[in-house]
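Asker: Structure in structure tokens, see below.
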Amino acid sequence: MFNKDVYVERRAQLKKLVNSGIIILFGNNESPNNYPSNSYYPFRQDSSFLYYFGQRRDGLVGVIDIDNDKETLIGDDIDIEDIVWYGSVDSVADLAAQVGVANSAPMAYLRSVCSDAIAAKRTIHFLPPYRHDTKIQIMNLLGIHPSKQKEAASVELIMAVIKMRQVKTDLEIKEIEKACAIGYEMHTTAMRLTRPGLTEKYIGGQVDGVAHSLGEQVSFATIFTQHGEIMHGTPSYNVLESGRLALCDAGAENAENYCSDNTRTFPVNGKFTQRQLEIYSIVEACHDYVLDVAKPGVLWYDVHMEVCRMMTNRLKEIGLMKGDTEEAVRAGAHAMFLPHGLGHMMGMDVHDMEGLGQNYVGFDDEIQPSTQFGTNALRCGKRLQEGFVMTDEPGIYFIPALIDNWRAQDLHRDFINYDLLETYKDFGGIRIEDDILITADGCRFLGKDRIPYHPEDIEDFMAQ
């Protein structure tokens with residue numbers, strides 16, 4: 001937890017941005033697995049609640065009455081039966097004091113807060129809920145059916161939270177750097193252990209163990225697979241094979257729940273083939289090019305499209321693409337090889353604030369999401385600001401089903417060499433991903449130690 005003044009200042013700024021009404025920020029509850037007392041899923045506090053109220057205990061709600069300048073932390077104190085099993089914890093009043101909140105109350109108080117506000121026709125601001133128990137709570141308190149709650153959520157509050165959370169302070173950058181340090185250990189562990197004969201599941205489990213040992217948890221479900229053409233290929237019981245590429249996309253949450261997110265692709269046997277190096281060098285060049293063009297004032301959409309042009313030109317050099325580059329990219333032919341966006345915001349959420357609505361988080365009045373295949377998966381397009389943290393994650397994938405689908409439809413035949421592409425169906429995919437901070441005049445990698453990603457560095461590291 002940060003110093004309580006951080007949370008006091010954050011709430012003060014939020015009140016100025018929202019201006020009037022009552023803000024209700026719901027914390028999360030425990031999530032049992034297959035019966036109520038089996039809390040298999042690790043508890044994770046809601047990020048926006050954490051940002052403004054700082055406390056990680058379950059069953060809490062933060063209320064900010066803007067008009068009366070009153071803040072209340074609501075929750076029931078732990079009873080003796082829970083103390084027997086889980087130990088003593090601070091009272092809700094103590095938790096409130098720790099983050100500079102003057103008032104606390106039991107959960108029953110929240111109903112009267114909402115009833116009084118509704119009777120007085122005051123605006124009640126809440127964020128879009130994503131957990132079913134919170135949706136039920138909102139329905140009980142406000143009478144809004146879960147199917148209507150996303151639309152009923154306060155756009156004014158959403159925009160205020162985004163405005164604050166999207167620009168990371170120096171304190172937050174330090175926390176993300178700590179998460180990146182854990183991420184370094186996760187990825188280098190994967191590189192050290194990977195060899196033919198082990199399973200994807202074994203390596204993935206070791207990677208997860210590093211995150212749980214050094215931080216709070218993984219920032220998302222670890223991807224470790226020989227089938228890099230599958231975007232979210234979770235570790236299977238398949239045995240690693242010599243000559244194949246392993247793709248590891250993994251990240252950590254540190255003790256303050258700030259995230260890292262990196263991807264590395266490396267040969268199972270420690271040595272790239274010439275064909276693998278040809279494709280890898282294209283992804284490597286696109287990854288590094290982002291550092292030259294990403295800076296404040298530039299549209300992230302434009303950075304993405306510059307990378308798509310570079311990738312198309314390089315794929316033309318080896319014969320997989322052809323024709324005019326501008327026409328190919330405009331038509332979306334490059335999405336055969338890059339069917340996702342260049343990167344996303346990152347912070348307390350690995351896809352930062354995505355639950356608030358991607359149109360609000362990654363886009364604005366200047367630019368809205370594309371509907372074109374591939375480009376429609378770009379999670380952010382708006383102008384970069386100093387303090388934004390983005391992922392830089394270009395990739396090239398050879399997806400047999402997509403190749404067959406497009407070829408059958410005769411799509412983009414002027415730009416794609418399908419005959420040569422057929423010979424790559426067994427290739428897999430390559431992605432390289434790092435976290436970058438937008439600085440005053442450009443950008444920089446986050447994390448003190450760079451996970452090996454140049455081919456010679458990967459081979460040297462794996463040989464050790």
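The values are calculated or read from the model by the stated rules, or taken from the named source; none is laboratory data. Computed from a prediction, not measured in an experiment: that's the story for all the values here. Cβ placement follows ideal geometry from the backbone for every residue including glycine, while neighbour counts extend to all protein chains displayed. Calculation scope for accessible area: heavy atoms of the full protein, side chains included, ligands and nucleic acids excluded. Shrake-Rupley method; radii C 1.70, N 1.55, O 1.52, S 1.80 Å.
Asker: Evaluate the distance, in nm, between pseudo-label points positioned 7 Å from the Cα of Leu198 and of Ile173 along their respective Cα→Cβ axes.
Answerer: In this crude label model, Leu198 to Ile173 measures out at 3.5 nm.
Asker: So, one more: Going by amide H atoms built from the backbone, whose H comes under 5 Å of the H on Leu198, apart from near neighbours?
Answerer: Leu240
Asker: I'm a student and want to see the number: the projected area of the Cα convex hull of segment 1-157, averaged over all directions, in nm².
Answerer: Its average projected convex-hull area is 9.5 nm².
Asker: If you don't mind, another one. How far is helix 200-214 tilted off the main Cα axis of the chain, in degrees rounded to 10, range 0 to 90?
Answerer: The helix 200-214 is inclined about 40 degrees to the chain.
Asker: Å³ per residue of the Cα convex hull, for segment 395-464?
Answerer: 165
Asker: Once the cut-off is 15 Å, how many percent of the Cα-Cα pairs in segment 100-153 end up in the long-distance tail?
Answerer: The proportion of pairs with Cα distances above 15 Å equals 52 percent.
Asker: Right, something else. Starting from 0.36 nm per residue, how many nanometres of slack lie between Ala102 and Ala463 once their C-alpha separation is accounted for?
Answerer: 124.1 nm
Asker: While we're on this one: Which cross-chain or sequence-distant (5 or more) residues have an amide H under 5 Å from the amide H of Asn29, H modelled 1.01 Å from N in plane?
Answerer: Close amide H contacts, sequence-distant or interchain: Gly59.
Asker: Sticking with this structure for a sec: Taking Cα centroids, how far is segment 303-342 from segment 264-299 in Å?
Answerer: Using only Cα atoms, the two centres lie 15 Å from each other.
Asker: Using 0.36 nm per residue of separation minus the Cα-Cα distance, give me the extension gain between Tyr35 and Lys448 in nm, one decimal.
Answerer: So the extension gain works out to 144.4 nm.
Asker: Along segment 279-288, what does the Karplus equation 6.51 cos²θ - 1.76 cosθ + 1.60 (θ = phi - 60°) give for ³J(HN,Hα), rounded to whole Hz, x for Gly and Pro?
Answerer: Coupling constants for segment 279-288: 6, 4, 5, 5, 4, 4, 5, 5, 4, 6 Hz.
Asker: Please list 3J(HN,Hα) in residue order for segment 397-412, calculated via the Karplus relation 6.51 cos²θ - 1.76 cosθ + 1.60 where θ = phi - 60°; whole Hz, with x for glycine and proline.
Answerer: Running phi through 6.51 cos²θ - 1.76 cosθ + 1.60 with θ = phi - 60° gives 10, 10, 9, x, 5, 5, 4, 5, 5, 5, 5, 5, 8, 6, 7, 6 Hz.
Asker: Measuring with a 1.4 Å probe in the full set of protein chains, what accessible area per residue, in whole Å², belongs to segment 109-223?
Answerer: About 48 Å² of surface per residue is accessible.
Asker: PRE reach from Ala119 (point 7 Å along Cα→Cβ): which of segment 5-44 fall under 18 Å by backbone N?
Answerer: Backbone N within reach: 22.
Asker: Near the amide H of Lys70, under 5 Å away, which other amide H atoms are found, from residues 5 or more places off or on another chain, if H is placed in the peptide plane?
Answerer: Amide H neighbours of Lys70, under 5 Å, 5+ apart: Asp65.
Asker: Go ahead and run the numbers for FRET between Ile80 and Asn3, Cβ-Cβ distance against an R0 of 41 Å, rounding to 0.05.
Answerer: Efficiency, from the Cβ-Cβ distance: 0.80.
Asker: In deg cm²/dmol, rounded to 500, what helix-only [θ] at 222 nm does the chain give when every DSSP H run of at least 4 residues adds -39500 (n - 2.57) and the total is split over its residues?
Answerer: -12500 deg cm²/dmol
Asker: When averaged across all projection directions, what area in nm² does the alpha-carbon convex hull of segment 166-232 cover?
Answerer: The Cα convex hull of segment 166-232, projected and averaged over all directions, gives 5.5 nm².
Asker: Follow-up. Would you please calculate the Kirkwood hydrodynamic radius of segment 347-464 over all C-alpha pairs and express it in Å, rounded to one decimal?
Answerer: When all Cα pairs of segment 347-464 are included, the Kirkwood radius is 17.7 Å.
Asker: Give, as ranges by residue number, the residues of segment 289-313 whose backbone N falls under 15 Å from the point 7 Å along Cα→Cβ of Arg330.
Answerer: Those under the cut-off are 309.
Asker: At 1.4 Å probe size, with the rest of the protein present, what percent of the exposed accessible area of the chain is carbon and sulfur atoms?
Answerer: Exposed carbon and sulfur together represent 50 percent of the surface.
Asker: Can I ask one more? What is the extension gain from Phe43 to Tyr109, computed as 0.36 nm multiplied by their sequence separation minus the C-alpha to C-alpha distance, in nm to one decimal?
Answerer: Value of the extension gain: 21.3 nm.
Asker: Using R₀ = 30 Å, calculate the FRET efficiency as 1/(1 + (r/R₀)^6) where r is the Cβ-Cβ separation of Ala440 and Ala12; round to 0.05.
Answerer: Plugging the Cβ-Cβ distance into 1/(1 + (r/R0)^6) gives 0.70.
Asker: In addition: What label, among (1) 1.01; (2) 0.97; (3) 1.09, belongs to Rg/Rh (Cα atoms, Kirkwood Rh) computed from the structure on display?
Answerer: Here Rg/Rh (Cα atoms, Kirkwood Rh) agrees with entry (1).
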